[in-house]
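The values are calculated or read from the model by the stated rules, or taken from the named source; none is laboratory data. Model, not experiment: these values are computed from the prediction. Positions of Cβ are backbone-derived with ideal geometry, glycine not excepted, and every protein chain shown enters the neighbour counts.
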Amino acid sequence: MRATLRFWRHLYGENPLHLLAMVGCFALVGYAVTFVFPGPSALALGIWFAGAVIGHDLILYPLYAFADQPLVVLRWARRRVLPRRPALVPAINHVRAPVLGAAVLGLIYFPTISQRGDAAFTFASGHSMVGEYANWLLITGVLFLGSAVIYAIRLGVALRRPRPPVTAPEEPDEVTEARSGAT
């Protein structure tokens, strides 16, 4: 059994459950696509998938990787200033998560936030687009507030835990330097 699992990992690269989960996800996506497109052809789905891959991997990924650089630079600068005292709780993901959530919601609901197509929206839903921008701002604020509360809780828990004392690196003595220089 172990030899079979090792061979599978060598062949596939992951556990067989990973393949099962991926097949299930693709089946779920295929099922959802049938609701969006009543009779999708394989060519249309292939074009859509290629466009999504190109749109994400070549356009969106570099944009949000570039947008994340100020956080990475600040984190690096903090390590340079305080190299021996790591952060109790890294804050970077507590900033990334609400920014990503707000950006995705802003991208998805941009037509309603910008009130483009108000007549079509009112005809289709019976609702007006008035206030959608305020709703998006409220959701964004809740995302950041929730992330700040979770960060504060994690920081409070980390402050209560005993931390090991910070030790300065040992100074090399003359005997050690003489030995390392002689070899």
**Item:** Number of positions in the stretch 96-124 that are among the hydroxyl-bearing types (Ser, Thr, Tyr) and touching a helix residue (DSSP H, G or I) at 6+ places or on another chain (Cβ under 7 Å)
**Value:** 2
**Request:** Could you figure out which of (1) surrounded by 13 or more Cβ atoms within 10 Å (Cβ to Cβ); (2) polar (S, T, N, Q); (3) at pLDDT below 80 isn't true of Thr140?
**Result:** (3)
**Message:** I'd like to check which helices (runs of 4 or more DSSP H) are fully inside the stretch 87-168 and have at least 1 residues that are assigned by TED's automatic domain parsing to the domain that holds Phe66 and within 30 Å of Phe66 (Cα to Cα).
**Reply:** 92-108, 110-113, 132-160
**Prompt:** Take the residues of the stretch 52-80 that are loosely packed, with under 13 Cβ neighbours inside 10 Å and charged (D, E, K, R): which is nearest to the chain's Cα centre (by Cα)?
**Reply:** Asp57
**Asked** What are the residues in the stretch 14-51 that are part of a loop (DSSP other than H, G, I, E, B), out of contact with any helix residue (DSSP H, G or I) (no Cβ under 8 Å at 6 or more places or on another chain) and either more than 30 Å from Arg2 (Cβ to Cβ) or outside the structural domain of Thr4 (by TED's automatic domain parsing) (or both), if any?
**Response** Pro38, Gly39, Ser41
